[in-house]
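Asker: Let me begin by handing over the structure; questions about it come next.
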Amino acid sequence: MKLLEHEAKSQFSKYGIPVPGGVVIRSQEELSEKMNELPEQFVLKAQVEVGGRGKAGGILMAGRSDGVAIAGELFKKEIKGVPVKEILAEERLEIQQEFYLSIAVDRSSKQALILFADAGGVEIEALAKERPDAVRKASLPLLIRDVPAFMLRDLMGKAPKEVGKIINQLYRVFCEKDAILAEINPLVTTPSGVFAADAKLIIDDNALARQGITQNRDLTEREREAERHGFSYVELSGDIGVIGNGAGLTMATLDLIEYYDGRAANFLDVGGGADQERVMHAVRLVAGDPSVKVIVVNLLGGITRCDEVARGVIAAGITQQVIVRLAGTNEAEGKQILAGSGYRMLDSMEQAVKAAVEAVR
């Protein structure tokens, strides 16, 4: 789950990483009330979970004389389609130099990957492509508590020595907060010291409960409903709903849809042993997406009984066409139940997917 900038900075500050002073506001009136907590010149930063907000007009310079009016305009905006509901009003830093610092999970080596560059800001991606040697890297096992001194020297180059301390502090945030990404872009030097001018922290969804987070804000309403029912569910951008049992079978169904030039609307794995009620909830959940025009139910009956699946499909009572492929335990009974209610059944996954793609066309 992505934390907002002010939330990430709050965590960084607890670990000793210097951050600019500021206040979070949820209305322009609130800024007026908190104006005395800010310096003469400050920055208004939209708190939205999207990248590139600066180029999209989400970061504006302001002062005590015009800050309230500028905040009012910013609250009216949408940044890449996301409405601005919170703004971080923060002191304007006198930046001397910018750096880039991030720590992420390197899935190939199963270690922490630290990246550091002598330039930061919005052009870091271009720098990494044009001059890959400008981004220095280091990997280390997560069992190591501190970044070794020799790694810090190789990463920092000629950066101020204070930066080494911040790398270690960010590494502790990364480990102790179960993060998959901790980033400071830019990390800046000023006459008053080194500061995290921006902050990004993404927590592993599987560790939210351990971190005391009760709700994953990154989930859509349907994804939350799927979570309540225990489904593995991901929303996609197509118009063919997909229900399978087992990640491999469900992914294969999605691949076939793509192969036949269709577009899947979702990934939904009901899991093994799904009964009538579970299947019913799965079908209703997928059908609740207004973009879904047809649903493919592709299940193999092992511990899952095909007759239970059939009853669940019928009990869902949805309006979209449902194309079913069942095989395995109680297959004949399941097919008989569906045939009696007029459902379309096909013998193979390929046939079911082809029929769904043709139905959408």
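The values are calculated or read from the model by the stated rules, or taken from the named source; none is laboratory data. All values reported here derive from a predicted model rather than from experimental measurement. Please note: Cβ atoms are built from the backbone with ideal geometry, for glycine as well, and neighbour counts cover all protein chains shown.
Asker: What's the number of the condition ALA264 fails, among (1) free of Cβ contacts under 8 Å to residues at least 60 places away in the same chain; (2) within 21 Å of ARG305 (Cα to Cα); (3) crowded, with 21+ Cβ neighbours inside 10 Å?
Answerer: (2)
Asker: Of all the residues that make up the stretch 194-245, how many are within 28 Å of ILE323 (Cβ to Cβ) and basic (Lys, Arg)?
Answerer: Going through the stretch 194-245 one residue at a time, the tally reaches 3.
Asker: Looking at the stretch 111-122, is at least one residue over 23 Å from the mean Cα position of the chain (by Cα) and free of Cβ contacts under 8 Å to residues at least 24 places away in the same chain?
Answerer: Yes - at least one qualifying residue is present in the stretch 111-122.
Asker: Check VAL283, VAL297 and return the single one that is closer than 25 Å to GLU225 by Cα and in a strand (DSSP E or B). It would help to see each step written out before you state the result.
Answerer: Values: VAL283 fails: in a strand (DSSP E or B).
Only one candidate passes the filter, namely VAL297.
Asker: Can we say ASP289 is crowded, with 20+ Cβ neighbours inside 10 Å, out of contact with any Cys (no Cβ under 6 Å at 6 or more places or on another chain) and not basic (Lys, Arg)? Full working, then the answer.
Answerer: Details: crowded, with 20+ Cβ neighbours inside 10 Å: no; out of contact with any Cys (no Cβ under 6 Å at 6 or more places or on another chain): yes; not basic (Lys, Arg): yes.
Against the criterion (crowded, with 20+ Cβ neighbours inside 10 Å, out of contact with any Cys (no Cβ under 6 Å at 6 or more places or on another chain) and not basic (Lys, Arg)), ASP289 does not qualify.
Asker: Filter the stretch 1-35 down to the residues that are within 30 Å of ALA209 (Cβ to Cβ) and assigned to a loop (DSSP other than H, G, I, E, B) and list them by number.
Answerer: Answer for the stretch 1-35, where residues must be within 30 Å of ALA209 (Cβ to Cβ) and assigned to a loop (DSSP other than H, G, I, E, B): MET1, LEU3, LEU4, TYR15, GLY16, ILE17, VAL19, ARG26.
Asker: Moving to a separate point now. Does the stretch 186-201 hold any residues that are among the hydrophobic types (A, V, I, L, M, F, W, C), part of a loop (DSSP other than H, G, I, E, B) and within 14 Å of LYS2 (Cβ to Cβ), and which are they?
Answerer: If the condition is that a residue be among the hydrophobic types (A, V, I, L, M, F, W, C), part of a loop (DSSP other than H, G, I, E, B) and within 14 Å of LYS2 (Cβ to Cβ), then ALA199 is the only one that fits.
Asker: Suppose we filter ILE318, ILE314, ILE240 for residues that are assigned by TED's automatic domain parsing to the domain that holds ASP347 and either small (Gly, Ala, Ser) or crowded, with 23+ Cβ neighbours inside 10 Å (or both); which single one remains?
Answerer: Result of the check over ILE318, ILE314, ILE240: ILE240.
Asker: Then there's this: Any idea how many residues of the stretch 202-229 are in a loop (DSSP other than H, G, I, E, B), among the charged types (D, E, K, R) and loosely packed, with under 14 Cβ neighbours inside 10 Å?
Answerer: Residues flagged as in a loop (DSSP other than H, G, I, E, B), among the charged types (D, E, K, R) and loosely packed, with under 14 Cβ neighbours inside 10 Å within the stretch 202-229 amount to 3.
Asker: Only one residue in GLN276, GLN320 is touching a residue at least 12 places away in the same chain (Cβ under 8 Å) and closer than 18 Å to THR253 by Cβ, so which one is that?
Answerer: GLN320
Asker: Still on this structure, I have one more. Has the stretch 215-228 got any residue that is closer than 21 Å to GLY273 by Cα and touching a residue at least 24 places away in the same chain (Cβ under 8 Å)?
Answerer: Yes, there is a match, as at least one residue in the stretch 215-228 is closer than 21 Å to GLY273 by Cα and touching a residue at least 24 places away in the same chain (Cβ under 8 Å).
Asker: Still on this model: Would you mind finding the one in VAL296, VAL309 that is free of Cβ contacts under 8 Å to residues at least 60 places away in the same chain and either under 24 Å from GLY248 (Cβ atoms) or not assigned by TED's automatic domain parsing to the domain that holds HIS229 (or both)? Outline the logic, then answer.
Answerer: Working: VAL296 fails: free of Cβ contacts under 8 Å to residues at least 60 places away in the same chain.
Answer to the check: VAL309.
Asker: Looking only at residues in the stretch 246-261 that are in contact (Cβ under 8 Å) with a residue 12 or more places away in the chain, in a helix (DSSP H, G or I) and of a type in the set (Gly, Ala, Ser), which one is nearest to VAL279 (Cα to Cα)?
Answerer: ALA247
Asker: Considering each residue of the stretch 51-78, count those that are buried (at least 18 other Cβ atoms within 10 Å of the Cβ) and basic (Lys, Arg), and give that number.
Answerer: 1
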